[in-house]
Structure formats: structure tokens, C-alpha cells
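Take a look at the structure below.
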Amino acid sequence: MLAVLVPLFDENMAVKSYSLHSRKNNIFTNPLLSTTGINDSVGQIDGLEIIDNVGVNTLSNDKELFIPVNSISLFTDIASKCRAPHKRIVLLMDNTLTPEENIVKRIRELKDDGYKFAICKLKVADFEHYRPVLSLIDYIYLDYSKIDISKARIYFSKLYPNIKLIAENIQTNEAFDMLKAQGGYHFYEGPFYRIPITQGETDVAPLKINYLSLINVVNHPDFDLTKAADIISRDTALVISLLEIVNRMSKNSEITSIRHAAAMLGQKELRKWITTAVAKELCFDKPNEITRLSLLRAKFAENLATTFNLGMKSEELFLMGLFSVLDIILSKPMNEALAMVNVSKEISAALLDNTGDFFPVINFIRAYEGADFNEINRLEIVDKLDVSRVYDAYKDSLKWYRDLFF
């Protein structure tokens, strides 16, 4: 089983929804699944447990969840399978569900129960044929890489003005900016928000310099707790966060100073807290998905350590995942960003040169978070990976992320 939540953005780069992508079987070891539809899991909606793990509230009260359904699962008791409020669920159909009378009837029934609907993978030639379904649909995905979505936007604005358009498969920031300028799209989806900075120079804000100094201190194997505490004391947000965690750990102790609080945590726990707390502060002026991406990559990488036979390197893998978007966070090319932090040669090799023992881990994570299940299935065979352990590692990272905020 493989499953991942992929974000949908508005024009301000705020995450407004998540789409669930899943695959139950490896199509390379079971090639017939790609053509027979057996991979649809017959009435099951695969991957729903990750929504339970991350928690609906973690996704915030106003975010919708796009849940794929097939011709069988559409007719099951969806409410019992997905316990999130109906108004938060958008049932996502594709072109394998033809606009037959029983399908149209079932859509109407579920809409009466409060569910919304979306459809994807329609070709331009299918638009007229799907009129009975499109008249009931709330969202439609328009694939930027396969059709002229500008023309499709005009078509739907005239014939189906109530349908909200989702521009999907956007690869670059330039494409996103162009589509945003055209207007008419409700959501945007694609890897464009993860495109690294490759040119231009910007100064790092003074407060971010403070955070980077703190990271540099705790990256030393036997760092000075006093020095770390003094840097923390320069930032109110970090002080409050530190005191909150110490108070949770030792409710009956009176904390007399920032140095005292740091000493109570100790080196190991202080390092762990700093790497996550600082990441959130560094990302405060970036799209919130960058914070989520950085932290989830960090924990996912740590959890994958044993899967990639790197069990003794789990803490370094956490840092690699955390810093894998440092170029975006600091608005600098990755080589300049990494030069500002004290990371190991293995981390630098993976993030700068795509080499070394750590690179297969971050390469795998990037494919996974982009729902590139074909690549994941290929790596499963080539690297002899246990997919069940991978899925457990991902679910655990979601739980960890949830617990950071709730």
C-alpha cells in the first residue's frame, strides 16, 4: 500500500485542500493491474487511514479533502469508510466512471448527503459526452501538460459557470504565474512550489541569521548548552516555545532562566526541539506548505533510516530532510544556503550533487510526496524495499507532525 496527501493551492500560494493519492499494488510485479482495473481495490477507498493519522483538524477546519472513488466504491457506504464531515469531502471521479444513469443518480444521492464531487482525466473530446455528470460536478481538474486549459477555462466559464477549475500538473513557477494572471482557476496543483532557487541574490533577515546560528551550534556533537540558551534568549517566540515544552516535561519545577530550561532538556532533547522549532520559525514568511514539507521530509527521512540500512544515521537524515528546502526558505541557491549551516558532507552531497549514501533517501521521498508511484514501485524492486515499512514510516511522520501542532 502506498498513499500520500498532495496539496492544492490558491493564487496566494496558501494550501486550501489536499488530494489523497494511493496505490495498493506494484504494477511492475503485477503488470495486469495497470490495464484490468484490479488495482481499484474493489469497493475500498485505499489510504484513508492516513487522514485519521494526520487528523482532520491538523488540516484545519476550512480545508477540503479530495478522495478518489471508482465505479464500485462510489456505491458503498462512504460515510462509514471516511469519518470526516461530509462537507469536507470531495469525491474525485475520473474518466473510468462513464455518465450512465445509475452513476448520475448516485452522484445526486451523495450530493444530497452533503458530499461534493470533482472529476479528472477528461479529454476535450469527452466534455460533451459527460454533460449529465458535469452539470452536477463542483470541481474539474484541467491538466496543464495535456490540454490547452486556457481554452477549456473559457468553455467551462460559459457552459458550467458553477464548476470550480483546478489547474493541475503545473511544473514551474513561471507557469503558475501565467495561469494566475489569466485568472479563473480556483486551485492549482503541481510541484511548482518546490522548485529550488537557482539565481538572484537576497539578504537573509537578521532573525533568520539568529536561527541559523542556533542550528550551527547544536549540530556539533558535544555542543555548549549555555551558548545555545543565550542564542535562544534573543528570540521571544523561541523562548516561549522552549518554556512550554519544559513545563510539559516537568510541571513541578520552577524555571529560573533560559539556561536552566536548556539544561533541564539536555543536549539530545534540546537538539531535537531546536531543529523542529527553528524550521517553523524559518518558514514563517513562506507558504505554509513549505513548513509542512520541511518537517515531514525530516521525520520521514529519519523513519526510513533502517529501510535504507542507515539506522545509525537517523539524526543526520532528519537534518537532511529538514534542510532539503533550505534554498526556498532562505531564497538562495542551495549551495549558498547550505554554506550558512554546519551540515555533514553526506548531507551536502545528497542535496547539492545528488550523490552519496543519503541521496537515495531524499530521492525516494521526493518521488513519494509527488505521488510518483511508478518510480516508487521501480525503486521498490531495484533497492529491494519493504513497502509496508515505507507506508508505516510515512504514517508515523504524519502523526508526529500532527502532535507538533495539536
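The values are calculated or read from the model by the stated rules, or taken from the named source; none is laboratory data. Computed from a prediction, not measured in an experiment: that's the story for all the values here. So basically every Cβ, Gly included, is an ideal-geometry build from the backbone, and we count neighbours across all protein chains shown.
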### Query
Can you name the condition, by its number, that residue 286 falls short on among (1) assigned to a helix (DSSP H, G or I); (2) modelled with pLDDT under 85; (3) under 29 Å from residue 17 (Cα atoms)?
(1)
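Does region 368-383 contain at least one residue that is of a type in the set (Val, Ile, Thr), within 17 Å of the chain's Cα centre (by Cα) and either assigned to a helix (DSSP H, G or I) or within 26 Å of residue 172 (Cβ to Cβ) (or both)? Working first, answer last.
The initial filter retains those residues of region 368-383 that are of a type in the set (Val, Ile, Thr), namely 376, 381-382.
Narrowing the set further to residues that are within 17 Å of the chain's Cα centre (by Cα) leaves 376.
From the residues that got through so far, the ones that are either assigned to a helix (DSSP H, G or I) or within 26 Å of residue 172 (Cβ to Cβ) (or both) too are 376.
Yes, the conditions are met somewhere in region 368-383.
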### Message
I need a count of the residues in region 314-341 that are under 22 Å from residue 291 (Cβ atoms) and either surrounded by fewer than 20 Cβ atoms within 10 Å (Cβ to Cβ) or not assigned by TED's automatic domain parsing to the domain that holds residue 290 (or both).
### Response
8
## Note on the structure
Listed by first then second residue, the pairs whose first member lies in region 157-175 and is farther than 13 Å from residue 142 by Cβ, whose partner is surrounded by fewer than 16 Cβ atoms within 10 Å (Cβ to Cβ) and basic (Lys, Arg), with beta carbons under 9 Å and at least 6 positions apart or on separate chains, are 159/131
## Note on the structure
Expected output for region 289-303 (first residue outside the structural domain of residue 6 (by TED's automatic domain parsing) and surrounded by 23 or more Cβ atoms within 10 Å (Cβ to Cβ), partner among the β-branched types (Val, Ile, Thr) and in a helix (DSSP H, G or I), Cβ below 6 Å, 6+ apart or cross-chain) is 297/365; 300/365; 301/361
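Please go through region 338-362 and give me each residue that is without any contact (Cβ under 8 Å) to a residue 24 or more places away in the chain, touching an Asp or Glu at 6+ places or on another chain (Cβ under 9 Å) and not in a loop (DSSP other than H, G, I, E, B), ordered by number.
Step one: list which residues in region 338-362 are without any contact (Cβ under 8 Å) to a residue 24 or more places away in the chain, which gives 338-339, 345, 348-349, 352-356, 359.
From what is left, the residues that are touching an Asp or Glu at 6+ places or on another chain (Cβ under 9 Å) are 338, 349, 356, 359.
The answer is 338, 349, 359.
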### Query
Given region 99-218, what helices (runs of 4 or more DSSP H) lie entirely inside it while holding 3 or more residues that are assigned by TED's automatic domain parsing to the domain that holds residue 64 and either surrounded by fewer than 20 Cβ atoms within 10 Å (Cβ to Cβ) or more than 24 Å from the chain's Cα centre (by Cα) (or both)?
101-112, 131-134, 149-159, 173-182
### Query
With respect to the numbered conditions (1) assigned to a loop (DSSP other than H, G, I, E, B); (2) surrounded by 18 or more Cβ atoms within 10 Å (Cβ to Cβ), which one is the sole condition not fulfilled by residue 91?
(1)
